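Worksheet for the structure shown next.
The values are calculated or read from the model by the stated rules, or taken from the named source; none is laboratory data. Here the structure is a predicted model, which is why all the values come from computation and not from measurement. Positions of Cβ are backbone-derived with ideal geometry, glycine not excepted, and every protein chain shown enters the neighbour counts.
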Amino acid sequence: MYEFIEGEFVEKSPAHLIVQAGHLAYYINISVFTYSQVSKQNTGRIYLHFVVREDAQILYGFGTREEREIFRMLISVSGVGANTARLILSSLSPDEISHAILAGNVAVLQGIKGIGAKSAQRIIVDLKDKVGLGAGIDELFLSQDNTSREEALSALVALGFPKKTVEKILTRILAEQPDLSAEEVVKAALKFM
């Protein structure tokens with residue numbers, strides 16, 4: 001519903017931010033990571049996530065779209081609420097969270113207060129195929145160091161195909177025709193989907 005707010009940072013703390021935009025001031029819950037980004041600023045833009053509960057309407061704010069996307073992924077996991085997701089983002093940067101999930105590193109997530117072994121495993125299982133598909137996709141396609149396989153894998157996963165299925169199909173295609181471009185690999189793979 002709300003994308004972002006721009007205004008003067010009237011009050012800042014590691015847990016919240018009060019932003020005045022026009023004649024209204026908004027109380028926004030933030031993570032320590034966001035606080036580290038805005039602590040020296042007097043004005044700026046904060047990306048928002050709006051939560052409506054039976055007893056409250058709460059704004060959560062983020063310094064970047066990437067952080068907000070990680071937050072939204074985290075709250076999509078059963079048993080992880082908005083405050084737990086904010087605690088995770090206060091303990092680790094969005095990149096550290098992504099790397100922990102992609103590597104299946106339960107210990108890193110379990111090291112966060114309030115996250116047990118089962119919760120950490122659930123986060124990894126639920127988000128392993130989703131993490132890295134946001135802003136990172138553009139970087140994957142723009143980087144010239146990536147192989148056709150990696151580019152094709154990123155494109156097909158972004159289209160919604162399961163990563164493990166795509167990996168098997170790409171292995172088969174590239175074993176037969178290793179010199180295909182990324183576009184040719186994607187076209188060939190779509191025939192098997």
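Odds and ends about this structure:
- Residue match in segment 84-92 (condition: in contact (Cβ under 8 Å) with a residue 60 or more places away in the chain and surrounded by fewer than 23 Cβ atoms within 10 Å (Cβ to Cβ)): yes
- Among residues of segment 151-165 that are over 13 Å from ALA188 (Cα atoms) and modelled with pLDDT under 80, those with a Cβ under 6 angstrom from a residue that is in a helix (DSSP H, G or I) and of a type in the set (Lys, Arg), sequence gap 6+ or separate chain, pair up as VAL157/LYS163.
- Across segment 5-32, the number of residues qualifying as touching a strand residue (DSSP E or B) at 6+ places or on another chain (Cβ under 9 Å), under 18 Å from ALA82 (Cβ atoms) and in contact (Cβ under 8 Å) with a residue 24 or more places away in the chain comes to 8.
- Under the condition of being of a type in the set (D, E, K, R) and surrounded by 13 or more Cβ atoms within 10 Å (Cβ to Cβ), the residues counted in segment 96-125 number 2.
- Test: residue in segment 26-34 that is at pLDDT 95 or above, over 19 Å from ARG72 (Cα atoms) and over 24 Å from the mean Cα position of the chain (by Cα): yes
- Scan of segment 111-133 for residues that are closer than 22 Å to LYS163 by Cα and not hydrophobic (A, V, I, L, M, F, W, C), ordered by number: GLN121, ARG122, ASP126, LYS128, ASP129, LYS130, GLY132
- Of all residues assigned to segment 2-11, at least one qualifies as being crowded, with 16+ Cβ neighbours inside 10 Å, among the β-branched types (Val, Ile, Thr) and at pLDDT 95 or above.
- Selection status of ILE173, modelled with pLDDT of 85 or more, outside any loop (DSSP other than H, G, I, E, B) and not assigned by TED's automatic domain parsing to the domain that holds ALA82: yes
- Residue count, segment 23-57 (criterion: in contact with a helix residue (DSSP H, G or I) (Cβ under 7 Å, 6 or more places away or on another chain), over 16 Å from GLY7 (Cα atoms) and not hydroxyl-bearing (Ser, Thr, Tyr)): 4
- Candidate set from segment 60-69 (those that are without any contact (Cβ under 8 Å) to a residue 60 or more places away in the chain and within 11 Å of the chain's Cα centre (by Cα)); member that is surrounded by the fewest Cβ atoms within 10 Å (Cβ to Cβ): THR64
- Any hit, segment 105-125, residues being at pLDDT 90 or above, of a type in the set (A, V, I, L, M) and within 13 Å of the chain's Cα centre (by Cα): yes
- Selection count, segment 179-193, where residues are closer than 12 Å to ARG149 by Cα and exposed (fewer than 11 other Cβ atoms within 10 Å of the Cβ): 1
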